[in-house]
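To start, the structure itself, in C-alpha cells.
Derivation of every value follows stated rules applied to the coordinates shown; laboratory data play no part. A quick note: this is a predicted structure, and the numbers were derived from the prediction, not measured. Cβ: placed from backbone, ideal geometry, glycine included. Neighbour counts: every protein chain shown.
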Amino acid sequence: MIDLGCGAGGQTIQLAGLLDGSRIVAVDSHEGSVARLRAEVGRRGLSGRISAVAADMLNLDFPQGSFDLVWSEGALYNIGIGNAMHLSRRLLRSGGYVAFTDAVWRRNDPPGEVRKSFEVDYPAMSTAVGVMEVIERSGFELKGHFTLPDEAWWGDFYTPMEARIAEMRRKYAGDGEALAVMDMLAAEPEMHRRHSDCYAYEFFVARRPE
Ligand SMILES: C[S@@+](CC[C@H](N)C(=O)[O-])C[C@H]1O[C@@H](n2cnc3c(N)ncnc32)[C@H](O)[C@@H]1O
C-alpha cells in the first residue's frame, strides 16, 4: 500500500501493525517529517516493511497499478480531490481501494469567521456529498463513509497543542512578538470549540472497479 502525505507517519506505523506482513510506501513532500518517520521505522525494526520517501505525491514514478491500497489522512486536499482520484486510479491495481479523509462542510451557512478561515486553508472545501460525487465521477465505486468523531480533533491534536501553547506563553511571557504568534496559533482550536458543528473530517472508502 501507499500512504500519501504521511507526515511523520503516526498512521503509517499503526497501519503496519494492523496489516501484518504488508509493505508500505509512505510519501510526504516535507523532508523533516519523512526523516522523523524513517528514524521511528528504524527504532521499531520495520525498515523491511515501510519505505519512507520524500517526494511530491504528484511526481511519483511507480508503474501503473503498483498498489492494492492508497491511504491518505488529511493530505489530498493539497492537490484537490479530483486530481487525487486520478492519481489513485493510476497507482491502484484493478479492484484496489482508496481510503482517505477530507475536511468537509456540515452546514451551508457557516458564520463569517469560519468561512474566512477555510477560504485561506482550503478554499475548495466541499460537503461529504460533493466529495462522493467527485469519487464516483472519477470512476470509483464508493464503498462507505463516516464522520470522524470530534474527539479525533482533540485527543492527539488540539489538546496537546493547547498545552504546548500555554507552556510557550509562560516561557515567552515578556516577548510581545512571540505572544502574538501564540495568539494566532490558539485561534484555530478556539474556533473549533465554537464552531465544530460547521465542519468535520469525513473518511471515505472507494474501490477501483476490475
Ligand atoms: C495535515 S498533514 C497530515 C499528515 C498525516 N497524514 C497525519 O494525518 O498526521 C498534510 C501532509 O501533507 C503533506 N503534503 C502536502 N502537499 C503534498 C504533496 N504535494 N505531496 C506530498 N505530501 C504533501 C504535508 O507535508 C503534510 O505532512
Send over the per residue convex hull volume for the range 116-178, Cα only, as a whole number of Å³. 132
Per DSSP helix of 4 or more residues, -39500 (n - 2.57); summed, then divided by the residues of the chain. What does that give at 222 nm, rounded to the nearest 500? -13000 deg cm²/dmol
Cα atoms only: what Rg and Dmax, in Å, come out for the range 69-210? 18.0, 63
Cα gyration tensor shape for the range 151-194, rounded if a/c is under 1.5, else prolate or oblate: oblate
Among A186, A35, A26, which one shows the biggest mean-square fluctuation in a GNM of the chain, springs joining Cα atoms closer than 10 Å? A186
For a quick check, take a GNM of the chain with Cα springs below 10 Å and name the residue from G112, G80, G96 with the largest mean-square fluctuation. G112
Report, in degrees rounded to the nearest 10, the 0 to 90 angle that the Cα long axis of helix 159-171 makes with the longest principal axis of the chain. 40
Might you report the magnitude of the Cβ-based charge dipole of the chain about its Cα centre, with Lys and Arg at +1 and Asp and Glu at -1, to the nearest 20 debye? 540
How far is it, in nm, from the label point at A178 to the one at D156 when both lie 7 Å from their Cα along the line to the Cβ? 2.9
Residue of A103, A152, A166 that the Gaussian network model of the chain assigns the largest fluctuation, springs spanning Cα pairs under 10 Å: A166
